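**Q** Quick one: the structure is below, questions incoming.
Every read-out reported here was derived from the displayed coordinates using simple, explicitly stated rules and does not represent laboratory data. These figures come from a predicted structure and were not determined experimentally. Positions of Cβ are backbone-derived with ideal geometry, glycine not excepted, and every protein chain shown enters the neighbour counts.
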Amino acid sequence: MTIGAVLDAMGTRELRANLRAVVEKVEAGSPVVCLKDGQPLAVMISHEEAERWRKIEDSLATLHALNVYPEAVSDPSELADLASPKPPDRATIRKLTSEPRAILSPLRTIGVSDARAAFATLVGEVAQGRVRTIVAGGHLSVAVIPAPEYDRLRALARAVSWFRGAGLDLAAATEQEVIDFVRTHRETRSNEEQIAG
């Protein structure tokens, strides 16, 4: 998993000059943050990792339909109480649903040579919220995502880990598997409460 790995930081000039080598490094699982004047503009993650997060977003949408909002909890252990979920207030839900999810943007590709030639433009587009995917060696290699999107995914990674530890891999689960997991978890919790009560 790339999200949460140690980030390497490089300036735009250094990235542009070494783009092919950086793409290989990112593909191998080492994310790189692109800095301009010391400020993070974009983060390069493997295309495989970006696809994994797109699938997680689908699972999150199913959880939202079941009144479960992992993004709203401050501590993932709060997710253990799926039996009687306390949904966040309407303002929080509005904020969550209106928050940009750049990882879901349409696939827009650019070849590694073209990316190198127009690197400043590419990073500028990404900083404005448009994900770009670099193609190298004839395959989708690296997704360049806005720095705030990387931060959002890192914050969400703890909840994703909680679900995985509880037996549900949000990156691989079907919609029905998410529904079944929540229902089973709620029924088990309800039965435990009846026995205890």
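**Q** Any chance you could count how many residues in the stretch 58-105 are in a helix (DSSP H, G or I), over 15 Å from L168 (Cβ atoms) and either of a type in the set (D, E) or in contact with a strand residue (DSSP E or B) (Cβ under 8 Å, 6 or more places away or on another chain) (or both)?
**A** The total comes to 4.
**Q** Output yes when any residue across the stretch 99-121 is under 24 Å from Q176 (Cβ atoms), touching a Phe, Trp or Tyr at 6+ places or on another chain (Cβ under 8 Å), in contact (Cβ under 8 Å) with a residue 24 or more places away in the chain and surrounded by fewer than 18 Cβ atoms within 10 Å (Cβ to Cβ), and no when none is.
**A** Taking every residue of the stretch 99-121 in turn, none turns out to be under 24 Å from Q176 (Cβ atoms), touching a Phe, Trp or Tyr at 6+ places or on another chain (Cβ under 8 Å), in contact (Cβ under 8 Å) with a residue 24 or more places away in the chain and surrounded by fewer than 18 Cβ atoms within 10 Å (Cβ to Cβ).
**Q** Restricting to the stretch 55-96, what's the tally of residues that are surrounded by 12 or more Cβ atoms within 10 Å (Cβ to Cβ), without any contact (Cβ under 8 Å) to a residue 60 or more places away in the chain and hydroxyl-bearing (S, T, Y)?
**A** 2
**Q** Can we say E49 is in contact (Cβ under 8 Å) with a residue 60 or more places away in the chain and acidic (D, E)?
**A** Answer is yes for this residue.
**Q** I would also like to ask the following. Any residue in the stretch 17-40 that is under 23 Å from D114 (Cβ atoms), under 18 Å from the mean Cα position of the chain (by Cα) and part of a helix (DSSP H, G or I)?
**A** Yes, the stretch 17-40 contains at least one residue that is under 23 Å from D114 (Cβ atoms), under 18 Å from the mean Cα position of the chain (by Cα) and part of a helix (DSSP H, G or I).
**Q** Could I ask something else about it? Say we look at the stretch 1-49 and pick out the residues that are among the acidic types (D, E) and either in contact with a strand residue (DSSP E or B) (Cβ under 7 Å, 6 or more places away or on another chain) or surrounded by 17 or more Cβ atoms within 10 Å (Cβ to Cβ) (or both); which of these is nearest to L153 (Cα to Cα)?
**A** Checking each candidate, the answer is E49.
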